[in-house]
Amino acid sequence: MDAAHDLLDALGSCRRVLLTGPVQPDGDSLGACLALQRVLRTHAIDCDVTGAASYRYRGLPGIEGLVADDALEGYDGVVVLDGDRHRLPPGATRAFADARVRGIIDHHGSTKQDGYTHFWLAPDVGSTCEMLFHAFRVRDEVIDAEVAHCLYAGVVFDTGGFRYSNTRPSTHQLASDLLALGIDHAQICMDILMDRRMEGVRAAGRVLESAVVACDGRLMLGAVPLALQDELGLVDGDLEGLVESLLHIQGVEVSALGIELPDGQVKLSFRSRGRVDVASLARRLSAAGGGHAKAAGARVVDDLPSTRRRIIGLVTDLL
């Protein structure tokens, strides 16, 4: 907990603080940013959150106040939550480089101490929001219903609704404590995990139908080319959970989803039942790749067919 105290105390000395996640932040990243923002503001700390949030997170308290990436300037403290500095949007990258206090709060074991003045990493904890919850309790911070909502959303997202192996007895105790503050468990789960646009449902059907099976049925690969995204009018959030659907097929040990991006990159998401460390797989594909042993991601400059061949070759070796 010393790293937590050092970072949170350092933020108290800052004139303006920026909290950010990686490009396309998920529920744990956004929940953590918004929860920490509310706590810092109780200490009269001027604090902004940046990020491009999908429609799934419209119910998070404070989400309407996100600052655009091209409007970031004048921060002497910047903290990256649930990611690392190598995956920040351009404006956040510049703000981080210019800051006096450059911190990170993360639970990914692949994250390295490079370029941070304050490094708070807890790979044995199930989510970044859980890290914050315990620190807030130790520091006797006020956890009101809005903070609880944000923290609970992050825990729900990263545990898959308490279905993943990072769900521990302490996770359920934390959830119980947050629920006691009056948050709406059912609505949060609906928003974060289950809500779907029809366009996303149609995309899932197309991707599952065209998925490639490899490694004797132990690897399932899905692809989302730009043409499909344009045809269906997909937006951020429509493909959430699709890589898990690929993994849920009987006999599959590893799933991969490749999303073609307009800039010539392919965004990759990986899931594993445990036999293959997909964080290691992601790092072998890209120096900036990483995550957890059972859930990881990367971005590569390549096309979808070539990327698929590389993944099949690597997973064949790992299996």
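Data for the structure
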| quantity | calculated |
| --- | --- |
| Selection count, segment 282-313, where residues are within 22 Å of His248 (Cα to Cα), within 18 Å of the chain's Cα centre (by Cα) and not in a strand (DSSP E or B) | 4 |
| From the options Gly126, Gly160, Gly154, residue that is under 14 Å from the mean Cα position of the chain (by Cα) and surrounded by fewer than 21 Cβ atoms within 10 Å (Cβ to Cβ) | Gly160 |
| Filter result for Leu226 (in the same structural domain as Gly154 (by TED's automatic domain parsing) and over 21 Å from the mean Cα position of the chain (by Cα)) | no |
| Sole residue being hydrophobic (A, V, I, L, M, F, W, C) and within 22 Å of Ala52 (Cα to Cα), chosen from Leu232, Leu221, Leu178 | Leu232 |
| In segment 55-75, the residues that are within 17 Å of Tyr152 (Cα to Cα) and not hydrophobic (A, V, I, L, M, F, W, C) | Arg56, Tyr57, Arg58, Gly59, Pro61, Gly62 |
| Contacts under 6 angstrom Cβ, first residue in segment 245-272 being among the basic types (Lys, Arg), partner part of a loop (DSSP other than H, G, I, E, B) and modelled with pLDDT of 95 or more, 6 or more apart | Lys267/Leu261 |
| Residue that is farthest from Gly74 (Cα to Cα) [pool: residues in segment 98-122 that are out of contact with any helix residue (DSSP H, G or I) (no Cβ under 9 Å at 6 or more places or on another chain) and of a type outside the set (D, E, K, R)] | Thr111 |
| Checking Ala122 against (1) in contact (Cβ under 8 Å) with a residue 40 or more places away in the chain; (2) in contact with a His (Cβ under 6 Å, 6 or more places away or on another chain), the condition it does not meet | (1) |
| Which numbered condition Asp70 fails, given (1) acidic (Asp, Glu); (2) touching a helix residue (DSSP H, G or I) at 6+ places or on another chain (Cβ under 7 Å); (3) surrounded by 17 or more Cβ atoms within 10 Å (Cβ to Cβ) | (3) |
| Pair list, Cβ < 9 Å and 6+ apart or interchain, from segment 54-82 residues that are assigned by TED's automatic domain parsing to the domain that holds Glu130 to residues that are among the β-branched types (Val, Ile, Thr) and in a loop (DSSP other than H, G, I, E, B) | Ser54/Val235; Tyr55/Val235; Gly77/Ile45 |
| Some residue of segment 113-120 being of a type outside the set (A, V, I, L, M), under 14 Å from the mean Cα position of the chain (by Cα) and closer than 17 Å to Leu36 by Cα | no |
| Conditions (1) outside any loop (DSSP other than H, G, I, E, B); (2) buried (at least 16 other Cβ atoms within 10 Å of the Cβ); number of the one not met by Glu240 | (1) |
| Test for Gly21: is it modelled with pLDDT of 95 or more, assigned by TED's automatic domain parsing to the domain that holds Gly154 and closer than 21 Å to Val155 by Cα | yes |
| Extreme residue, nearest to Gly222 (Cα to Cα), among residues of segment 257-315 that are surrounded by fewer than 20 Cβ atoms within 10 Å (Cβ to Cβ) and among the polar types (S, T, N, Q) | Ser306 |
| Residue in segment 30-49 that is over 16 Å from Cys129 (Cα atoms) and crowded, with 24+ Cβ neighbours inside 10 Å present | no |
| Qualifying residues in segment 135-163 (those that are more than 10 Å from Asp28 (Cβ to Cβ) and of a type in the set (D, E, K, R)) - the one modelled with the lowest pLDDT | Arg163 |
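The values are calculated or read from the model by the stated rules, or taken from the named source; none is laboratory data. Please read all numbers here as calculations on a predicted model, not as lab measurements. Don't worry about glycine lacking a Cβ; one is built from the backbone with ideal geometry, like all the others, and counts go over all protein chains shown.
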